[in-house]
Every structure is written in structure tokens, then in C-alpha cells.
1. Scan the chain and hand back the longest stretch that contains none of the trypsin sites (Lys or Arg not before Pro) lying in DSSP loops with at most 11 other Cβ atoms within 10 Å.
2. Given the convex hull over the Cα atoms of the stretch 235-331, what projected area results after averaging over all orientations, in nm²?
3. Tell me, what ³J(HN,Hα) does each residue in the stretch 222-230 have, in order and in whole Hz, if you take phi through Karplus 6.51 cos²θ - 1.76 cosθ + 1.60 with θ = phi - 60° and put x for Gly and Pro?
4. Taking the Cβ of GLY145 as the centre, find all other residues whose Cβ is under 13 Å away and add up their charges (Lys, Arg: +1; Asp, Glu: -1).
5. With viscosity set to 0.692 mPa s and temperature to 37 °C, compute the Stokes-Einstein D of the stretch 77-189, Rh being the Kirkwood radius across alpha carbon pairs; µm²/s, no decimals.
6. Might you tell me the accessible area per residue for the stretch 77-211, computed with a 1.4 Å probe and given in Å²?
7. Take the Cα atoms of the stretch 160-202, build their convex hull, and give its volume per residue in Å³.
8. Restricting to DSSP H runs of at least four residues, report the calculated mean residue ellipticity at 222 nm for the chain, -39500 (n - 2.57) per run over all residues, nearest 500 deg cm²/dmol.
Amino acid sequence: MAKANGKHAAEATKDELLQYYRDMLLIRRFEERAGQLYGMGLIGGFCHLYIGQEAVVVGMQAALKDGDQVITAYRDHGHMLAAGMTANGVMAELTGRSGGYSKGKGGSMHMFSIEKAFYGGHGIVGAQVSLGTGLAFANKYRSDGKVCLTYFGDGAANQGQVYESFNMAALWKLPVVYIIENNQYAMGTSIQRSSSETHLYKRGISFNIPGEEVDGMDVVAVREAGKRAVERARAGEGPYLLEMKTYRYRGHSMSDPAKYRTKEEVDEKKAKHDPIELVKKMLIDAGHSDEAALKEIDREIRTVVSDSATFAQESPEPDPSELMTDIYIDA
């Protein structure tokens, strides 16, 4: 078992840092706009924003090869964008329009892309852990060399099916990396009040699954931990557990006022640990970029996001004929 000290010796090139900056900024600006559309009543149901956690998916995606799979829970917009799914398709799905990835019938929690090997955000807490383990089983059965990243949160870490999956994955040495996105509050209860063992990277010990705690606000630290875990899984050495210490700036969902934590706590995280600001500082300190160039990137990203909102609102609603398509009916 390893516990990160918040430092990393790895270096990132100018091009890598600029790509990480762009990818994280796309997620941040997309989620901000999604929050606005929700407030306008254009997005219905639940809407769980990823603001603050961007370094986790961007760093982990940088550790993958084409064909490697991703599956996650319902805070999933960032995972889709990091996997290469388009802002237009994701935003259209959020607004329930036919131009969305699930033809407007799935909404926030039910988007998939076989092309990008994204196997969905899932609304049942912890359910995707078993599904991700199944994807890894298929990979081993086929000997296709693929690895499955299976994301879940600190709240889901207490679910029973998680440990059944751990046991099978360890027994069969499946190529799966389990990623706990520990944003410290689950649905609204601090981890200190909900978990007897708060060091979640230790949760695999009884199954002989090694684990590691990672600074989930540092995209380069995430990437390096991801590379180690993915290479191990791909080499046939079995599952690995990464606990990403991260933080969501917004409530659990748009309807959550987040009164279980103080404004001062959130402000401190934003001021001292913001993942995008950290990469911005790396770029400027290394002489790779300056404020003007990074502001231009932000303008470009804002245009992409604005266009996605326009596309979503102009895309038609699903035709009534689609109501009974793409569903399983037990005859």
C-alpha cells in the first residue's frame, strides 16, 4: 500500500500541459453552462456537476490506450468529455434532445459511446463496479489487451457489490483499475461520519489488491499513478485501487445547497488546490505560456461550450415513435 505525499517527480511537456489545461477547462466551462441551463429549466431531473474534480478524469485518460474502457457513476459529464465525446452530443442529451448520445431519452445518467469505449454513467450507487469488473472479465477472456477503468465515489465505497467485485477481480487477475473519486462528502455526509476506515486506498487489502492514495487535484500526479496502475493491469498482474483525493465545489446535485460544509472550506480549496489553476501556474512558471495565451484558450473553449448549448436548444425533441425503441422487453 502506498500513500502519496502530494509531490511528484514526473515532468510534463509543454504540449501535454497545454492539452491538460484545455481538457480540464472544457469540462469546467461545460459544467458551468450545464448549471445555467438547469437553472433555466432546460435540463430536467438530476444534474450532478464535476466542477473541481477535473484533474482525475483528464489525468487518467492520459494513461490509457485506444480501446481501453471507462465506466462510471452519474457524475459523468467530465468522463465523457475526457473520453472524446463531443460537447454537442453531451449537452443535447442533458436537455433531452434527439441530437444527444442516447437520442434524448437517457439524460444525464444514461449516455454511452461504443466508439469512445465509454460504457456509461450509472444511476444505481456502486452498480457500475460490477459492470466494470465484467468488462475486464471479457477483456481477459478475449485476450484483447484492454484495461477497464471503473470509477466510483467515496459513498459507493461502502456498497456490498463493490467487495464482491474486488474478490472476483483479484481471484481471476482481471485487467481493471478501480478509481475511488473521494470528494469527501458522498451525497452529503462527510467521510469521517460514514466510513470506519477513511483511508479508502486500503479497502482492497483483504482481497490482496494493492492501493494508492493520489492527489486528485494534480493532473500530473494522477497521470503517473494511472500509468502505474494501467500497466500493471495490462501485464496480467490483476486489479489496482487508486483513491483520488479530490473535492467538488458544488453540491451533490444542483438541488443540494451543501449546508454540511462551510463556505470558508470551499473557498480555501478553490484558492489553494484548484486543478486548473495548478496547471496554469506550471505553464507560466516554466515559460511555456502566458496569461494572454491562456485567456485565448479560454475564449476558444467558451465558444465550443456556447455552440453546444445552441446546438442542444435547436435540436428537436425525440420523435414519439422513439418511445419504445432501444429498450429491453421480456416477451
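1. Details: sites that count: LYS7, LYS65, LYS259.
It works out to 66-258.
2. Details: hull surface 57.3 nm².
Spelled out: convex hull of the Cα atoms, projected over all directions, averaged, 14.3 nm².
3. After applying 6.51 cos²θ - 1.76 cosθ + 1.60, I find 5, 4, 5, 5, x, 4, 4, 5, 5 Hz.
4. On the way: positive: LYS65, LYS140, ARG142, LYS146, ARG234; negative: ASP66, ASP68, ASP144, GLU231.
For residues surrounding GLY145, the net value is +1.
5. Numbers: Rh = 15.0 Å.
Roughly 219 µm²/s, to the nearest whole number.
6. Values: 5340 Å² over 135 residues.
Per-residue value: 40 Å².
7. Values: hull volume 3.7 nm³, N = 43.
Looking at the stretch 160-202, the number lands at 87 Å³ per residue.
8. Working: 11 runs with 142 residues, N = 331.
Dividing the helical sum by the residues of the chain leaves -13500 deg cm²/dmol.
The values are calculated or read from the model by the stated rules, or taken from the named source; none is laboratory data. Note that the structure is predicted; figures quoted are calculated from it, not measured. Note that we place each Cβ from the backbone using ideal geometry, even for glycine, and neighbour counts take in every protein chain shown. Protein only, heavy atoms only, side chains kept; ligands, DNA and RNA dropped before computing areas. Shrake-Rupley method; radii C 1.70, N 1.55, O 1.52, S 1.80 Å.
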